[in-house]
1. Can you tell me which residue among Thr82, Thr4, Thr29 is of a type in the set (S, T, N, Q) and in contact with a strand residue (DSSP E or B) (Cβ under 9 Å, 6 or more places away or on another chain)?
2. Here are Ala210, Ala226, Ala205: which of them is at pLDDT 95 or above, surrounded by 17 or more Cβ atoms within 10 Å (Cβ to Cβ) and over 28 Å from Thr528 (Cβ atoms)?
3. Looking only at the range 502-539, count how many residues are touching a helix residue (DSSP H, G or I) at 6+ places or on another chain (Cβ under 8 Å), open to solvent by 10 Å² or more (accessible area, probe 1.4 Å) and more than 13 Å from the ligand (Cβ to nearest atom).
4. Among what's in the range 22-48 and is within 11 Å of the ligand (Cβ to nearest atom) and in a loop (DSSP other than H, G, I, E, B), pick the residue that is surrounded by the fewest Cβ atoms within 10 Å (Cβ to Cβ).
5. Scanning the range 56-66 for residues that are over 17 Å from Ile337 (Cα atoms) and either out of contact with any strand residue (DSSP E or B) (no Cβ under 6 Å at 6 or more places or on another chain) or assigned to a loop (DSSP other than H, G, I, E, B) (or both), which turns out nearest to the ligand (Cβ to nearest atom)?
6. Pick out, from the range 118-200, the helices (runs of 4 or more DSSP H) lying fully within it that include 1 or more residues that are surrounded by 21 or more Cβ atoms within 10 Å (Cβ to Cβ) and more than 16 Å from the ligand (Cβ to nearest atom).
7. Counting just the residues of the range 397-445 that are of a type in the set (Lys, Arg) and in a strand (DSSP E or B), which one comes out nearest to Gly229 (Cα to Cα)?
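The values are calculated or read from the model by the stated rules, or taken from the named source; none is laboratory data. Everything numeric in this text was worked out from a predicted model, so none of it was measured. Virtual Cβ from ideal backbone geometry, glycine too; neighbours counted across all protein chains shown. SASA here: full protein model, heavy atoms, side chains in, ligands and nucleic acids out. Shrake-Rupley method; radii C 1.70, N 1.55, O 1.52, S 1.80 Å.
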Amino acid sequence: MIVTSDELTDEMAADVAVCIVGGGAAGITLACELDECGHKVLLLEAGSLKPSAETQDYYNGIAHAPHPAANEFRRVALGGTTSIWGGRCVPFDPIDFEPRDYVSNSGWPISYEEIARYYPRALEYCDAGKFDFTAAGSISGGGPTIAGLEPNDVIERDLIERYSLPTDFGRRYGGILRMSRNVITVLRARCIGLEKAVGEDRIEAVKIAAASGRSRVIRSAFVVLAMGGIECARLLMASDPRGVGYGNRTDRLGRFYASHLETSFGRLVPHGAKVAFDFEKTDDGVYCRRKFQFLPSAQRRHRLLNTAFRLHFPEYSDASHGSSVMSAIYLAKSFLIPEYQNILQQDPAHATSSPAPAHWRNVMSGLPNLARFGFDWVFKRHLATRKLPYTLVPNADGSYPLEFNCEQTPLESSRITLADDLDAHGMRRVRIDWRRSDSDLLAAQRAFLLLRETLGQSGACRLEFDDGVLVERLSRSAPVGGHHIGTTRMAFSSSGGVVDTNCAIFDFPNVCIASSSVFPTGSHANPTLTIVAVALRLASHLRTRLSSE
Ligand SMILES: Cc1cc2nc3c(=O)[nH]c(=O)nc-3n(C[C@H](O)[C@H](O)[C@H](O)COP(=O)(O)OP(=O)(O)OC[C@H]3O[C@@H](n4cnc5c(N)ncnc54)[C@H](O)[C@@H]3O)c2cc1C
């Protein structure tokens, strides 16, 4: 059943076994998994069915460039940020879970297999097909990414990334939540505090601000925080009347905040060889794209962070690409949401912004192409259930800009804290102090040099870039918006993090966290598939705990 906070009766709010706070990808997955578990589950969502300016204001806070504004790249509504996500689904790799002596604070307290066994089902939730990320296993007759690039001991060549519909979890699973007999989804129920049982290491209730502005307290045996990588830490900090932060006995809460570093630099020039650049469809009907990665052995040998490279498209803003489609998208960018305007802008410090007439000339001289694109866009994007993820226009000169994406070394000093300002419910707003390590720049530099050397030796293609500006360009890599990692990291003991291997807070075993905030390291992979896998694993753990209590 789905109700609003003002419709929630005392009877509905009584005898709650699990209270899930946050109805995004993680919270909804968990709620669906606990459907028909025989216990009452409350899913509390701060927003309504759609985002509004009033609820979006909860996310305002302090952040400094290049980090996006605090209320950007996340959404307050049922389905959370999946209402605007791009849908790229990529699993983490075994090496992400290993302690690596060249990456400080690396290593998960659980193995890759512990998460990987949930990937097949996580892919089902994300509508992204089977758990196979190789071109050979996924695309019959797909061919290599770059013809003639032979196997070597540095690069994994023929890997793919799968794309979700993109699935808006609120819309996709709203029906299950509406029909559920034991899960009650409560909209406009923003959790503004956790209440600790006197003299016990237990959270006994959550305090919510209802749509009417009235606050009320809901008691629950278990609480799961699933509010995204920033809000989980914020709520724990804001709930503690001592000002220390719940779960913060060892000062780990809010720290190790990481995203992914991303930039576009250099160009790959094929030596006449065929290149798989565009979206392809897997045999199970899912859009996918190719990527390059370094083999784990090469990562260890060269002390690299886990990094992915993709063939990219030219800058939209630079009309010398000569594409009517890209110029039309560029001219229409003010109609896009701010997040996608940012993505289109690429590296603002280095983008060549041509004046509007140059873009109009491209548009006028390429009208037939534009008409074809418009037709495709309507049918493949707007009317299709499985949408073409985005537009890929190759460079007119046959070269491909390179998109670089890598994990960050987790840093204690990169952190979320509370600002002094209060929001409409009297909660302190968030302050985001994102940092990255200088050693990450050096690792990124090594990655570019190694890729250039390896591709050059292959004879199939070459990678060109200006060594003189490489580090400066890498230093401008922006944190990818919407990837919020590490603020309540998982560890063996409270000295290393906030939650244990079952995602339960060390200090409060009846409170668990389902979010990318528990990831000790972030891989190069986008986080959502792994967030869903973590939520599935937690659901299984909670079912066991519920049946034994
Ligand atoms: C433009 C864009 C593109 C993206 N593309 C990709 C991609 O291609 N691949 C990928 O893997 N990821 C992508 N992401 C990231 C992806 O959207 C997030 O990883 C994912 O949505 C996180 O899921 P979540 O459930 O942890 O958090 P969210 O989806 O943010 O959900 C959190 C929920 O908690 C609710 N909430 C917050 N505070 C409270 C409170 N106090 N009380 C009650 N409820 C609360 C919110 O309203 C929200 O519904 C993208 C993000 C953006 C913005």
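1. Criteria check complete, one pass: Thr4.
2. Ala205
3. Of the residues in that region, 2 qualify.
4. Once the filter is applied, the top-ranked residue is Ser48.
5. Across the range 56-66, the extreme among qualifying residues is Tyr58.
6. 135-138
7. Arg415
Here's the yes/no breakdown for (1) over 18 Å from the mean Cα position of the chain (by Cα); (2) in the same structural domain as Thr29 (by TED's automatic domain parsing); (3) modelled with pLDDT of 95 or more:
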{"site": "Asn60", "(1), (2), (3)": "yes, yes, yes"}
{"site": "Arg75", "(1), (2), (3)": "no, yes, yes"}
{"site": "Ser83", "(1), (2), (3)": "no, yes, yes"}
{"site": "Tyr102", "(1), (2), (3)": "yes, no, yes"}
